[in-house]
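Working notes, structure below.
The values are calculated or read from the model by the stated rules, or taken from the named source; none is laboratory data. Because the structure is predicted, anything quoted here is derived from the model rather than measured. Quick reminder, even Gly has a Cβ in these numbers, built from the backbone with ideal geometry, and neighbours come from all protein chains shown. The accessibility values were calculated without ligands, DNA or RNA, using every heavy atom of the protein model including side chains. Shrake-Rupley method; radii C 1.70, N 1.55, O 1.52, S 1.80 Å.
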Amino acid sequence: MNETLTILLESAVIGALIGFGAGAGVARMFHAPKAQGMGAFRTLGELNACENDPIAHFSFGFGFFFNAWASTVGAGALSGDVDHRIVPHWAASIAMFKNRNLAETLHNPRRMAFTGAAVGIVLISLLNTTAASIPHSLQSVASQVLGPASDWLLNPVMPIIFWMAAVDAGRRTGGWGTVLGGIAHIVMGNAVPGIVLGIVVGKGIDDMGWNRITKSLTAAVVALFVASSFLRGVDMDLLEQMKIGVPGWLHQLHESTGTAGQ
């Protein structure tokens, strides 16, 4: 069988599965906590930011299309923008083109699943077939030139955007976002996870006050950062940077768990 035809058929199957899952999962996010959704925290915010305008949804997804295409060409892999941004927004755009009723479109898991499957078939087929037909010399250029641009988008552009959103949400939310974002940058190398958690904690305290739920959430966030710091060996690096000797028992613990020097 022709290689291009093989890639096209396999891409259609993969695209249908990705689109079906992403479309249904995004729609189910609007029914939480009664239903389990599937999508990133940013996906929900970005969908709401488009204010149910089909043109805005299409334009937003199209803005990440070239980044996804560059990733496919340069690295041979689909980026997270495909199922987190492009498929959900293009599916929402198509679903709401003639009908703005959210209950029947964006919030309808069945409608979004089949629309997302159709989008996924076309999108993945287009990405993979064009990437396969690009000469290797051009693939190298795409990797060397567009790769750093994607890195700049992830850090520091995205952290700045999320931090501004946290500050705009209020003093308490901004404070939590700033502190946890700074810790996340030290521990994980990217401030976005910490800022997002800070927004959740801050808004939870604003809405419900200090009750059992918010205290449990805060404790879970602290435990997450402590565990992540240990697994990445940040505690040992921090002690060494502060010119403090690493205790023998801590070094042995890291050695036994395989987390030393990470």
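From the alpha carbon centroid of the range 8-74 to that of the range 179-239 is 27 Å. Computed about its Cα centre, the charge dipole of the chain is approximately 760 debye, with only Lys, Arg, Asp and Glu carrying charge at their Cβ.
If R0 is 25 Å, what FRET efficiency do you get for residue 134 and residue 13 from their C-beta distance, rounded to 0.05? The computed FRET efficiency comes out at 0.65. Per-residue surface analysis assigns residue 6 an accessible area of about 40 Å², computed on protein heavy atoms at 1.4 Å probe radius. Shown in residue order for the range 10-20 are the 3J(HN,Hα) couplings computed by the Karplus curve 6.51 cos²θ - 1.76 cosθ + 1.60 at θ = phi - 60°: 5, 5, 5, 5, 5, x, 5, 5, 4, x, 4 Hz (x for Gly and Pro).
Annotation: lysines with alpha-carbon distance below 29 angstrom to residue 98 (same-chain offsets under eight excluded): 34. For the chain, the Kirkwood radius over C-alpha pairs fed into Stokes-Einstein at 37 °C and 0.692 mPa s yields D = 158 µm² per second.
Given 17, 2, 76, which one lies farthest toward the positive end of the charge dipole of the range 1-91, if we put +1 on the Cβ of every Lys and Arg and -1 on the Cβ of every Asp and Glu? Farthest towards the positive pole: 17. The phi-based Karplus calculation (6.51 cos²θ - 1.76 cosθ + 1.60; θ = phi - 60°) puts the 3J(HN,Hα) values of the range 173-189 at 5, x, x, 4, x, 5, 5, 5, x, x, 5, 5, 5, 6, 7, 9, x Hz, whole numbers, x for Gly and Pro. Scoring 177-186, 29-38, 220-229 by mean Cβ neighbours within 10 Å over their residues and listing the highest first yields 177-186, 220-229, 29-38. Stokes-Einstein diffusion for the range 207-262 at 20 °C, viscosity 1.002 mPa s, with a Kirkwood radius from C-alpha pairs, works out to 167 µm²/s.
At full extension, residue 252 and residue 238 could sit 3.4 nm farther apart than now, given 0.36 nm per residue minus the alpha carbon distance. Computed extension gain for residue 62 through residue 44, at 0.36 nm per residue and net of the alpha carbon distance, reaches 4.8 nm.
Could you tell me the calculated FRET efficiency between residue 228 and residue 99, based on Cβ-Cβ distance and R0 = 45 angstrom, to the nearest 0.05? So the FRET efficiency works out to roughly 0.55. Helical runs (DSSP H, four residues minimum) scored at -39500 (n - 2.57) apiece and divided by the length of the chain put the mean residue ellipticity at 222 nm at -24000 deg cm²/dmol. Accessible surface of the chain, 1.4 Å probe: 66 percent of it comes from carbon and sulfur atoms.
With 0.36 nm allotted per residue and the present C-alpha distance subtracted, the residue 160-residue 141 stretch has 4.0 nm of extension available. Rolling a 1.4 Å probe over the protein heavy atoms gives the chain an accessible area of 56 Å² per residue. The dipole here belongs to the range 17-86: it is taken about the Cα centre, uses +1 on the Cβ of Lys and Arg and -1 on the Cβ of Asp and Glu, and is about 220 debye. Charges were assigned to the Cβ only: +1 to each Lys and Arg, -1 to each Asp and Glu. The resulting dipole of the range 112-262 about its Cα centre is roughly 340 debye.
Label-to-label distance for residue 31 and residue 110 is 1.0 nm, based on points extended 7 Å past Cα in the beta-carbon direction.
Scanning residues 5 or more positions from residue 50 or on other chains, none has an amide H under 5 Å from its amide H, with H placed 1.01 Å from N in the peptide plane.
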